[in-house]
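The values are calculated or read from the model by the stated rules, or taken from the named source; none is laboratory data. Owing to the predicted nature of the structure, the values given are computational and were not obtained by experimental measurement. Cβ placement follows ideal geometry from the backbone for every residue including glycine, while neighbour counts extend to all protein chains displayed.
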Amino acid sequence: MLIHETPLAGAALIELSELRDERGFFSRSFCREEFERAGLEPAVVQCNLSFNHRAGTLRGFHYQTEPNAEAKTIRCTRGAIYDVIVDLRPDSPTFLRHFGAELTADNRLALHVPRNFAHAYLTLADDTETVYQVSAAYTPGAERGLRWNDPALGVEWPAPVKLVSDKDAGWPLLSEVPAGSR
């Protein structure tokens, strides 16, 4: 694996190192030791699979609060997504900045999302599937979200958003959330 830093400390794009032959290729998609050496959280407590029928489907921004905050590693295994993370660490020099990357079944990139980041993605193709490795179990009472189109975040989605759940459309704007409760 090749682990590339992003402009947001602790977040990384993970590129596969492929060993190719006439059969195809083999690659390690996760290695605890390599994650630790890169300063990434390697714990995997839960794995999730998300399937989306239509391009233009938006999921997020989601996160969990402490003590249930979770690190995630997201990979698109079918189709394509534009994946975006927002730094919610109040003491971070990149607080409330975002980073986005296109993850596709073809480029096989993954995005590692540290604890205390919000995460969202927009599907760029029909029949898109993503796999998440997550460091903490889903805890309903700890779940929070940000509005995907909050002007304070300034995320420029690369395609029209066509479908958002009522729950995701109803997350508050940053201006509506007291700073200490994010």
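Only one of the numbered conditions (1) at pLDDT 95 or above; (2) surrounded by fewer than 17 Cβ atoms within 10 Å (Cβ to Cβ); (3) of a type outside the set (S, T, N, Q) is violated by Leu153, and that is (2). Among all residues of the range 100-118, there is at least one that is assigned to a strand (DSSP E or B) and closer than 17 Å to Leu174 by Cβ.
All conditions in (1) touching an Asp or Glu at 6+ places or on another chain (Cβ under 6 Å); (2) surrounded by fewer than 19 Cβ atoms within 10 Å (Cβ to Cβ); (3) in contact (Cβ under 8 Å) with a residue 12 or more places away in the chain hold for Gln64, with the sole exception of (2).
For the range 1-39, the set of residues classified as closer than 16 Å to Leu109 by Cα and assigned to a loop (DSSP other than H, G, I, E, B) consists of Met1, Thr6, Ala11, Leu16, Ser17, Glu18, Ser27, Arg28, Ser29, Phe30, Cys31, listed by residue number. Looking only at residues in the range 151-175 that are closer than 15 Å to Leu88 by Cα and in a helix (DSSP H, G or I), the one that is nearest to the chain's Cα centre (by Cα) is Leu174. Applying the set (1) loosely packed, with under 14 Cβ neighbours inside 10 Å; (2) within 14 Å of Pro114 (Cβ to Cβ) to Glu22 leaves exactly one unmet item: (2). Among residues of the range 74-93 being within 22 Å of Trp171 (Cα to Cα) and assigned to a loop (DSSP other than H, G, I, E, B), the one that is farthest from the chain's Cα centre (by Cα) is Pro90.
Of all residues in the range 40-60 being in a strand (DSSP E or B) and in contact with a helix residue (DSSP H, G or I) (Cβ under 8 Å, 6 or more places away or on another chain), which is farthest from Ala9 (Cα to Cα)? For the range 40-60, the residue satisfying everything is Leu58.
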